[in-house]
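Take a look at the structure below.
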């Protein structure tokens, strides 16, 4: 059986460097520790998914969260070589988020005086669901399981509404996140609807109204020809036309049939 050994990852924490150390620095407890121990040394141990299967119970116990699942983890150890005080940070590398912060001496007693953390301080999205975090930024227990996704500490509902995006109609979830295309539009999208290829101002065949047709880039209108009416209309999304006689006592004038007694 292939065995995976923890990998040691060292990175100088600089602006723009995405590393387990830089992720851990987002935690208020870590910030407090470094302020009180300015000469700390960082070291990180990487546990890929395959290895994390073996250490997940340790992570759950140390983080006091039984809902944690195996994934790519880093354990960032921050040590003051002068005092031998240390603080450890479990980092979910897949989401690049702090899972929890721990600090112990060899007897298992808390060694470093640390700021008090208020439980259930606020909600956050983690692993696609809503979780509590304390005031120090440590992940706590699951609050709500989201069937689809989580955004802004809220479970999102899929296919909640649709709108125009990138010239077509797309679905959005209830949190306003773009999902996928609902309808491809050949001629663009307006007011949540695909723009039709063929549009007419007089719906269907209307001999009494001069209508116009917008067919792609072509614009044409009903007209008279040798006393007959050439009526343009949309046949589905295609342009069509027909040659019609005006009704009795009507004549064709300027693309429409009008009563004969109104032609003078």
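Assigned to a strand (DSSP E or B), in contact (Cβ under 8 Å) with a residue 24 or more places away in the chain and within 30 Å of residue 170 (Cα to Cα): is that true of residue 234 in this structure?
yes
Can you confirm whether residue 180 is touching a residue at least 24 places away in the same chain (Cβ under 8 Å) and either within 30 Å of residue 150 (Cα to Cα) or assigned to a loop (DSSP other than H, G, I, E, B) (or both)?
No.
If a residue must be in a loop (DSSP other than H, G, I, E, B) and in contact with a strand residue (DSSP E or B) (Cβ under 6 Å, 6 or more places away or on another chain), how many such residues does the stretch 19-64 contain?
Quick first cut of the stretch 19-64, residues in a loop (DSSP other than H, G, I, E, B) only: 19, 25-27, 37-40, 48, 64.
Imposing the further condition that a residue be in contact with a strand residue (DSSP E or B) (Cβ under 6 Å, 6 or more places away or on another chain) reduces the set to 27, 40.
Of the residues in the stretch 19-64, 2 are in a loop (DSSP other than H, G, I, E, B) and in contact with a strand residue (DSSP E or B) (Cβ under 6 Å, 6 or more places away or on another chain).
I need the full set of residues from the stretch 184-210 which are free of Cβ contacts under 8 Å to residues at least 40 places away in the same chain and under 11 Å from residue 255 (Cα atoms), in order please.
First, pick out the residues of the stretch 184-210 that are free of Cβ contacts under 8 Å to residues at least 40 places away in the same chain: 184-195, 199-206.
Matches in the stretch 184-210: 206 only.
Among the residues of the stretch 64-98, count how many are farther than 14 Å from residue 22 by Cα and either modelled with pLDDT under 75 or crowded, with 22+ Cβ neighbours inside 10 Å (or both).
The total comes to 7.
The values are calculated or read from the model by the stated rules, or taken from the named source; none is laboratory data. These numbers come from a predicted model, not from an experiment. Don't worry about glycine lacking a Cβ; one is built from the backbone with ideal geometry, like all the others, and counts go over all protein chains shown.
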